[in-house]
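K.L.:
Take a look at this one; I'll ask things after.
The values are calculated or read from the model by the stated rules, or taken from the named source; none is laboratory data. Because the structure is a prediction, the values reported are computed rather than measured. Positions of Cβ are generated from backbone atoms using ideal geometry, with glycine treated the same way; all protein chains shown enter the neighbour counts.
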Amino acid sequence: MNDLLLALGRSLRSLAQPGVLWHLIWPTLAALVVWAGVAVAAWTPLVDALMGGLGGLPWVGAWLMEPGTAAAVVAVLVKIFLALAFLPLVYGTAALLVAAVALPLILERVGRRDYADLELRRGGSNLGSALNALGAGAVFLLAFLATLPLWLIPGAGLVLTVLLTAVLNRRAFGYDALMLHADGDELARLPAALKGPLLGVG
């Protein structure tokens, strides 16, 4: 626990460096613009598809779609669910942009100032970072799609979002955090050896 708090404290110190925070903000803004555009363009077809799917459910479909209060409540819940479903996609896209583009830009600066005493073994590369981020994003997307039905359980969406983003952060940023200072062997070994602590940081 002390190591986790120490890591978080050091990260806050690094965020105070000029330009570092901006490189973590612009990917979120870009992801918001992209997914807001997708949501606006696809909103009506997605709502109609979800309503149609619910209407086709055996036993309860006809009751859910029957004109009146039930159908109105279902329509509101479907729209809320759809809006919430975009949040992990925004976060996942932002995390991938940070891992593949923004983080390599700030690693050298943070490394020189805050970790100048560490040897630069350069076991990783920007290409490796991008490929790792894409792999992490694919795992995140598949897990997100697989767990969508569980979002119908009250509170499950919040718990699943925290868990999935923690796993995404560990996989996407674990490589980047080590790529400048670890050698190839350490880069392959340390993320597996420190899976628990990295998940906590994630």
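K.L.:
Scan A193, A143 and give me the residue that is on the phi < 0 side of the Ramachandran plot and surrounded by 13 or more Cβ atoms within 10 Å (Cβ to Cβ).
P.N.:
On inspection, the qualifying residue turns out to be A143.
K.L.:
Another question, if that's okay. When you go through W43, W26, W35 one by one, which is the residue that is part of a helix (DSSP H, G or I), in contact (Cβ under 8 Å) with a residue 24 or more places away in the chain, closer than 16 Å to L84 by Cα and out of contact with any Phe, Trp or Tyr (no Cβ under 9 Å at 6 or more places or on another chain)?
P.N.:
The conditions single out W43.
K.L.:
Under 9 Å between Cβ atoms, which residue pairs at least 6 apart in sequence (or on different chains) link something in the stretch 99-113 that is loosely packed, with under 15 Cβ neighbours inside 10 Å with a partner that is in a helix (DSSP H, G or I)?
P.N.:
As it stands, the answer is L105/H23; R113/S14, since those pairs meet every condition given.
K.L.:
Could you tell me whether L118 is more than 27 Å from G157 (Cβ to Cβ), modelled with pLDDT under 80 and outside any helix (DSSP H, G or I)?
P.N.:
yes
K.L.:
Return the residues of the stretch 103-135 that are farther than 19 Å from T93 by Cα and among the β-branched types (V, I, T); say none if nothing qualifies.
P.N.:
Correct list: V110 only.
K.L.:
Among residues belonging to the stretch 1-23 that are of a type in the set (A, V, I, L, M, F, W, C), in a helix (DSSP H, G or I) and under 11 Å from V110 (Cα atoms), point out the one that is modelled with the lowest pLDDT.
P.N.:
My answer is L15.
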